[in-house]
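So the structure is just underneath, and the comments pick up after that.
Only the coordinates and a few stated rules stand behind these numbers; no lab work does. Just so we're clear, the structure is a prediction, and the values are computed from it rather than from any experiment. Cβ atoms come from the backbone with ideal geometry, glycine included; neighbour counts cover every protein chain shown.
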Amino acid sequence: MSDPTSQDPNSNLPDGIPAPPPPRPHIIDTANSGPTYAFGTTETKAGKKKKERTHPTDPYEPLKKRRGCGGCCGCLGGSLLLIVILFIGLVAAVAYYGPGRFVKDGYTVVNLANTDGRVTTAPTEPTVYIGNFINYSAGVTEVPIAIIGQEVIISGTFLKDVSITGAKVTALANSSFAGDLEVFAADFTDKGITLTGELKGRVMRSLQ
């Protein structure tokens with residue numbers, strides 16, 4: 001026997017009376033409720049929503065290009081900076097490879113600051129010459145020598161090692177070096193020397 005409560009309640013209605021409609025589901029009208037999130041939108045004063053740029057392909061205003069000065073200022077400024085750096089490096093090299101190193105190795109120090117800087121007689125023992133302008137032309141030099149000055153001109157035949165430090169160094173064509181030649185200079189001009197040993201040191205600009 002079936003349970004009468006499980007039957008359709010509309011089956012007990014008299015004939016001719018329609019069954020009541022089923023209850024309407026509670027549906028939220030999304031047209032009036034607005035968006036459920038606000039990512040990528042902003043409120044404007046007029047109440048309208050404006051889309052923000054959230055994609056990398058959105059157009060952006062072009063970056064302003066820096067205007068140079070005809071290609072001169074940048075190059076000139078960079079060149080001056082490079083010259084200053086090279087000059088500091090040269091000063092450091094003179095300080096590190098200065099007369100102290102040769103004195104430690106037993107060289108005799110000859111100061112030419114108060115002379116015309118000309119050396120025409122070769123030394124008989126290892127010697128380091130110090131001055132502003134030095135012109136070494138002593139013929140045949142049989143001992144190692146070192147020259148430290150702002151401007152150096154050298155010529156002759158050298159049977160031992162030679163070290164030259166200066167802002168401007170010029171080796172003339174009649175210069176012959178049987179040993180090593182060490183040069184620390186901003187400008188090194190080689191007029192056609194003969195070098196049997198090894199060329200050492202650091203030269204910022206080599207000229208011929």
Completion exercise
Kirkwood Rh for the stretch 104-208 from C-alpha pairs, in Å, is 13.3 Å
Problem - For peptides 148-155, 199-206, sequence by mean Cβ density within 10 Å, most packed first - result: 148-155, 199-206
Fill in the blank from the handout: Residues whose built amide H sits under 5 Å from the amide H of ILE164, excluding neighbours closer than 5 in sequence, are ILE147, GLU182, VAL183, PHE184
Fill in the blank from the handout: Expected sort for VAL103, VAL110 with the fewest Cβ neighbours (10 Å cutoff) up front is VAL103, VAL110
Problem - Rounded to whole Hz, the Karplus (6.51, -1.76, 1.60) HN-Hα couplings of the stretch 172-177, x for glycine and proline - result: 6, 5, 8, 8, 10, 10
Handout entry: Derived scalar couplings ³J(HN,Hα) [the stretch 191-208; Karplus, 6.51 cos²θ - 1.76 cosθ + 1.60; whole Hz; x for Gly, Pro]
Key = 8, x, 6, 10, 10, 8, x, 10, 8, 10, x, 9, 10, 6, 9, 9, 10, 10
